[in-house]
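Okay, so here's the structure we're looking at.
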Amino acid sequence: MADVWRSDISMAGAHADWKESLSKSIGEHSWSDELQGIVTNIAEGVSLTMEEGIILFEHHDIDELFKLAKLAKESRFDNQAFFNVNVHINQTNICTLACKFCAFRRGRRADDSYAMSIESYIEDLRKYSSRVDEVHSVGGLHPDWDVDHYCEMFTKVSAEFPHIHIKALTAVEIKHIAQLSEMPIADCLRKLMNSGLGSLPGGGAEILDDDVREIICRGKESAQEYLEIHGIAHSIGMPTNCTMLFGTVETIEHRLRHLIRLREQQELSGGFQCFVPYPFLPDDSRLPEAQLASGVEILRMIAISRLFLDNIPHIKAYRMNIGESLAELALQCGADDVDGTVEKESIMHLAGSKADLDHDTVALSKLIIDSGCRPVMRNTIYTKFEGFKLPPIQKKRSLTMAQ
């Protein structure tokens, strides 16, 4: 099922000479007058500005924008699209906060609140352990769970499932656990890492503007605290992802400032491996003032992310949120990653996601092939890669559908 990964791909999965390749490929195409200055800056390796970002958001020729983002992606990764084999286990929905956009959070006394014991968490993971190499665990801010609770959980997971990478705890969870444990963030992270925590997910960034955060997630960590916690993780050798929740109450300028702040943090600490932009999923009870993103806007956001975040290698089309049809299209608009098999996900589905939870590697690879890309299985931290080939019967079906 796997073939040998190419020797000219670096440990991050990217061509070492991708900047030169991008400059050359951009020069082989003609561009509109409106984008010519932006294209020139990208070709020369100059990071884009707020003003240039506004031009990209307002540019009428969406196909031209998508073409530019596709070239930027292919200069790094050719037509590869990455995925992994993972399971989401959300350890508790009890949370001391009450963010307006969150459909997952419950108070301790709610009829449907839950808090998994360490034993039940491991029992649940055991169901998937033979076929996954990552467990992704985020949850509410439980009022009683300090660093020792999570260290015990991670130690037991690592002992029983040494092949499974633990990606867990958002920045606000780290802040909460450190405060509850009365210890500095750095000491808390080191203790968790020594117990088996391998990386941090990027959740909780929302929009990195405190005025917006005051409206949609009052009481959460500040924008600067989010960046600082990730920077501390990077300083001790722990890679992290980063995210953006868009389509709530933010402006285009808020989104661009968010991207610029992530880019600046990456310059400082260098540990962001993947950026995950995803739209707010609405219902009738949460955040009625939200300005919801259309499908085209979602793809535009992914394309602009690719062009702005020139120092963060991977851009993820999070199919659990945007759905499989848009995820396929996103792979032609700058995204190079579709996360993983993502079994047993709760947070996005409670928010309204309809994406399948029963994807295996064959089904996910077929999605990637249907998008025109080559599927590549990766590990959590983008240091191991295997080209993935569909069984012959799946190839035949794919070709028939294409015809």
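Answer yes if at least one residue in the stretch 316-324 is outside any loop (DSSP other than H, G, I, E, B) and over 25 Å from Q266 (Cβ atoms), and no otherwise. If you could, list the steps in order and put the result at the bottom.
Taking the stretch 316-324 first, the residues outside any loop (DSSP other than H, G, I, E, B) are 316, 319-322, 324.
Filter once more, keeping what is over 25 Å from Q266 (Cβ atoms): 324.
Checked against the condition, which is being outside any loop (DSSP other than H, G, I, E, B) and over 25 Å from Q266 (Cβ atoms), the stretch 316-324 yields at least one hit.
Mind checking which residues of the stretch 103-113 are modelled with pLDDT of 80 or more and in a loop (DSSP other than H, G, I, E, B)? Let's see the steps before the verdict.
Residues of the stretch 103-113 that are modelled with pLDDT of 80 or more, as a first pass: 106-113.
Within the stretch 103-113, G107, R108, R109, A110, D111, D112, S113 meet the criteria.
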Working carefully through the options Y128, Y121, find the one that is under 25 Å from the mean Cα position of the chain (by Cα) and assigned to a helix (DSSP H, G or I). Y121
Near pairs, Cβ below 8 angstrom, 6+ apart or cross-chain, from the stretch 200-221 (closer than 24 Å to G237 by Cβ) to any residue that is buried (at least 21 other Cβ atoms within 10 Å of the Cβ) and among the charged types (D, E, K, R): L200/K167; P201/K167; G204/E173; G204/K220; G204/E221; E221/K175
Return the pairs, sorted by first residue and then second, in which the second residue is not in a loop (DSSP other than H, G, I, E, B), the first residue lies in the stretch 235-252 and is at positive phi, the beta carbons are less than 7 Å apart, and the residues are 6+ apart or on different chains. G247/P279
Condition (residue is buried (at least 20 other Cβ atoms within 10 Å of the Cβ) and β-branched (V, I, T)) applied to the stretch 106-118: is it met by at least one residue? no
Failed criterion for F83 (all others in (1) assigned to a loop (DSSP other than H, G, I, E, B); (2) aromatic (F, W, Y); (3) within 19 Å of the chain's Cα centre (by Cα) hold): (1)
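Considering only the stretch 217-226, I want to know if a residue exists there that is out of contact with any Gly (no Cβ under 9 Å at 6 or more places or on another chain) and of a type in the set (A, V, I, L, M, F, W, C). First the steps, then the outcome.
Our first condition is that a residue be out of contact with any Gly (no Cβ under 9 Å at 6 or more places or on another chain); within the stretch 217-226, this holds for 218-219, 222-225.
In the following step, the residues that additionally are of a type in the set (A, V, I, L, M, F, W, C) were identified as 223.
Scanning the stretch 217-226, I find at least one residue that is out of contact with any Gly (no Cβ under 9 Å at 6 or more places or on another chain) and of a type in the set (A, V, I, L, M, F, W, C), so the answer is yes.
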Going by the conditions given, is S137 touching a Lys or Arg at 6+ places or on another chain (Cβ under 8 Å) and polar (S, T, N, Q)? yes
Limited to the stretch 246-261, what total is found for residues that are surrounded by fewer than 22 Cβ atoms within 10 Å (Cβ to Cβ) and within 27 Å of L189 (Cα to Cα)? 2
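Name every residue in the stretch 158-198 that is basic (K, R) and within 24 Å of N84 (Cβ to Cβ), in order of residue number. Give the steps one after another, and end with the answer.
Pass one, the stretch 158-198, residues basic (K, R): 167, 175, 190-191.
Result: K167, single match.
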Subset of the stretch 131-154 (residues that are in a loop (DSSP other than H, G, I, E, B) and either of a type in the set (S, T, N, Q) or in contact with a Gly (Cβ under 6 Å, 6 or more places away or on another chain) (or both)): V138
Out of G45, G37, sole residue that is surrounded by fewer than 15 Cβ atoms within 10 Å (Cβ to Cβ) and on the phi > 0 side of the Ramachandran plot: G45
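Rundown of residues vs (1) under 20 Å from A178 (Cα atoms); (2) of a type outside the set (D, E), yes/no style:
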| residue | (1), (2) |
| --- | --- |
| D211 | no, no |
| R218 | yes, yes |
| G231 | yes, yes |
| F246 | no, yes |
| V249 | no, yes |
Quick one: in the stretch 233-245, which of the residues that are surrounded by 22 or more Cβ atoms within 10 Å (Cβ to Cβ) and hydrophobic (A, V, I, L, M, F, W, C) is farthest from I302 (Cα to Cα)? A233
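Residue-by-condition table, conditions (1) in a loop (DSSP other than H, G, I, E, B); (2) surrounded by 24 or more Cβ atoms within 10 Å (Cβ to Cβ); (3) modelled with pLDDT under 95:
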residue	(1), (2), (3)
E267	no, no, no
L281	yes, no, yes
E289	yes, no, yes
A293	yes, no, yes
L299	no, yes, no
I302	no, yes, no
D310	yes, no, no
Please go through (1) touching a residue at least 12 places away in the same chain (Cβ under 8 Å); (2) at negative phi for L169 and return the number of the only condition it doesn't satisfy. (2)
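Restricted to the stretch 86-100, and to residues that are in a strand (DSSP E or B) and β-branched (V, I, T), which residue is nearest to S32 (Cα to Cα)? If you could, list the steps in order and put the result at the bottom.
Our first condition is that a residue be in a strand (DSSP E or B); within the stretch 86-100, this holds for 86-88, 92, 94.
With the extra rule that they be β-branched (V, I, T), the set shrinks to 87, 92, 94.
On the way: V87: 44, T92: 51, I94: 52 Å.
Per the criteria, the residue is V87.
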Among the residues of the stretch 266-279, is there at least one that is over 30 Å from F161 (Cα atoms), touching a Phe, Trp or Tyr at 6+ places or on another chain (Cβ under 7 Å) and of a type in the set (S, T, N, Q)? yes
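Among the residues of the stretch 60-80, write down those that are acidic (D, E), over 17 Å from A14 (Cα atoms) and not in a loop (DSSP other than H, G, I, E, B).
As a first pass, look at the stretch 60-80 and keep what is acidic (D, E): 61, 63-64, 74, 78.
When the remaining residues are screened for being over 17 Å from A14 (Cα atoms), the result is 61, 63-64.
Listed by number, the residues that qualify are D63, E64.
The values are calculated or read from the model by the stated rules, or taken from the named source; none is laboratory data. Treat the numbers as computed from the prediction; the structure is a model and nothing was measured. Methodologically, a virtual Cβ is constructed for each residue, glycine included, from the backbone with ideal geometry; neighbour enumeration extends over all protein chains shown.
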